[in-house]
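Chemist: Here you go, one structure.
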Amino acid sequence: MSCAHLKSLAAPKHLGIPRKSRYWASKISPGPHSFMSAIPLLNIIRDMLHYADNAREAKVIIHNGEVMVDGVTRKDHCFPVGIMDVVSIPTLGENYRVLPSKKGKLVLHPIDETEKNRKPCRISAKLSVAGGKTQLGLHDGRSLHLEGEHSYRVGDTLVIELPNQKPVAHIQFKPGKLGLIVHGANVGRLITVEEIKKFHGSQPSVAIGVDMDGHRIETLMDYTFVVGDEKPVISLPGGVP
């Protein structure tokens, strides 16, 4: 599958591409993540893992089916990989989760074999559909249809199994939960949510919490990804907490 290109000078900062090392940068294909929140698969193989010296070598690796994303083999070198996605290279026995760094870039965090089979997904939409079913829209473009009514709310986190997408855990967005900030000035910080301020009209809801160093942080609720109760359901860089 082909895709358009863009110049390295115009590439989003979260890609971490050296501006003057290459003239062109890969542009993501349409997919589960937006242009401003995803990394092309080619950049992961060449620029982050350094398993290829150039784009041609990276394309060979990807087109040969050597790379999996969320348990599914992806052969599109421009496939968009975003937050919480699991990148696996079975021949090397390596697994990584995509997470935001405190510098606003997306990084690969090594994970073990047991963790690669589960993925936290933020609920971005909830609808009641025909047949008494509930449809959930997740942050990575997935759409789940569940039987009956559920207590899931927009903003909550649903932990699913990969690749069958079966829900295995539900984390409510409420005070006392751990939240990972994925956008904004405090990106990459883990906080304990203390208060949620909701406003009427177009003003977005705000989450207020305390990070691991005791600093009080106020950020948008949409920027906060709840990841656990007392401990995160996934491992985080630096062993936090």
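Chemist: Among Val81, Val87, Val107, which is the only one that is modelled with pLDDT under 95 and assigned to a strand (DSSP E or B)?
Modeler: It is Val107.
Chemist: Residues of segment 131-140 being part of a loop (DSSP other than H, G, I, E, B) and closer than 17 Å to Val159 by Cβ, which ones?
Modeler: Correct list: His139, Asp140.
Chemist: Listed residues Thr91, Thr73, Thr134; which is surrounded by fewer than 12 Cβ atoms within 10 Å (Cβ to Cβ) and either acidic (Asp, Glu) or more than 19 Å from Leu236 (Cα to Cα) (or both)?
Modeler: Only one candidate passes the filter, namely Thr91.
Chemist: Determine if segment 190-197 includes at least one residue that is touching a residue at least 40 places away in the same chain (Cβ under 8 Å) and either in a strand (DSSP E or B) or not hydroxyl-bearing (Ser, Thr, Tyr) (or both).
Modeler: Within segment 190-197, one or more residues are touching a residue at least 40 places away in the same chain (Cβ under 8 Å) and either in a strand (DSSP E or B) or not hydroxyl-bearing (Ser, Thr, Tyr) (or both).
For (1) under 17 Å from Phe225 (Cα atoms); (2) in a loop (DSSP other than H, G, I, E, B), each residue gets a yes or a no:
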site: His33; (1), (2): yes, yes
site: Ile45; (1), (2): no, no
site: Leu92; (1), (2): no, yes
site: Tyr96; (1), (2): no, no
site: Asp112; (1), (2): no, yes
site: Ile123; (1), (2): yes, no
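The values are calculated or read from the model by the stated rules, or taken from the named source; none is laboratory data. Keep in mind that what you see is a predicted model, and the values were worked out from it rather than measured. Every residue, glycine among them, receives a Cβ derived from its backbone with ideal geometry; neighbour counts consider all protein chains shown.
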